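Participant: Handing you this structure, nothing more for now.
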Amino acid sequence: MFGISNKIAYNNMMILDKDIHDTGLKSHWIDVSSEENDFRGNLSIKESECLKSLLNNELKNIKNKKSKISIISPFRDVVNGLNNALKDLDIGTIHTMQGKQKDIIILVLGGGNGGARNWAAQKPNLLNVALTRAKENIFIIGDKQKWGVLPYFKEALFQLESDKI
């Protein structure tokens, strides 16, 4: 996470001041291809299902999930939909996480149209805040074809797929 944030927001000028330890998990981007009819506003039903699968499989052994995991999105309607579907989890917009950290951040991208995605990618700020909230791991859930070509998200996809974080 540090490497992506350092590149997109700080021009590689930051220095990491902590040791990173291996949690046994691997940060990665989970590709979920969504069509227009898969969305309710900016919430992708397929991304919501993918999130549930991630929580019930790869992250199933994490105790006290609410204190260790935050689920965030750039879009309020994604957060509202996830809050309705998942109880007892810390779910909010990227802005609500500013100043907080959790061991694991799950970024659910959503973005039902190009305008919404372009808004989220117009500056490095949203992605930078999302990345720097994660103490240990970041999981990004979203359509690689649609998000992975956008500014800043392109770098995140590259580094996550090339094991640079």
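Every number in this text was worked out from the coordinates using simple rules, so none of it is lab data. Owing to the predicted nature of the structure, the values given are computational and were not obtained by experimental measurement. All Cβ positions, even for glycine, are placed from backbone atoms using ideal geometry, and neighbour counts span all protein chains on display.
Participant: What number goes with the only condition from (1) more than 14 Å from residue 42 (Cβ to Cβ); (2) out of contact with any helix residue (DSSP H, G or I) (no Cβ under 7 Å at 6 or more places or on another chain); (3) not aromatic (Phe, Trp, Tyr) that residue 143 does not pass?
Facilitator: (1)
Participant: Right, something else. Can you tell me which residue in the range 29-63 is farthest from the chain's Cα centre (by Cα), limited to those that are within 18 Å of residue 147 (Cα to Cα) and of a type in the set (Val, Ile, Thr)?
Facilitator: This residue is 45.
Participant: It is to be established whether one or more residues within the range 75-93 are of a type in the set (Asp, Glu), assigned to a loop (DSSP other than H, G, I, E, B) and touching a residue at least 60 places away in the same chain (Cβ under 8 Å).
Facilitator: no
Participant: Take the conditions over 13 Å from the mean Cα position of the chain (by Cα), over 15 Å from residue 54 (Cα atoms) and in a loop (DSSP other than H, G, I, E, B) and apply them to residue 99. Does it pass? It would help to see each step written out before you state the result.
Facilitator: On the way: over 13 Å from the mean Cα position of the chain (by Cα): yes; over 15 Å from residue 54 (Cα atoms): yes; in a loop (DSSP other than H, G, I, E, B): yes.
Answer is yes for this residue.
For every residue, the table says whether it meets (1) β-branched (Val, Ile, Thr); (2) buried (at least 20 other Cβ atoms within 10 Å of the Cβ); (3) within 10 Å of the chain's Cα centre (by Cα).
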{"site": "84", "(1), (2), (3)": "no, no, no"}
{"site": "88", "(1), (2), (3)": "no, no, no"}
{"site": "94", "(1), (2), (3)": "yes, yes, yes"}
{"site": "120", "(1), (2), (3)": "no, yes, no"}
{"site": "131", "(1), (2), (3)": "no, yes, yes"}
{"site": "141", "(1), (2), (3)": "yes, yes, yes"}
{"site": "146", "(1), (2), (3)": "no, no, no"}
{"site": "149", "(1), (2), (3)": "yes, no, no"}
{"site": "153", "(1), (2), (3)": "no, yes, no"}
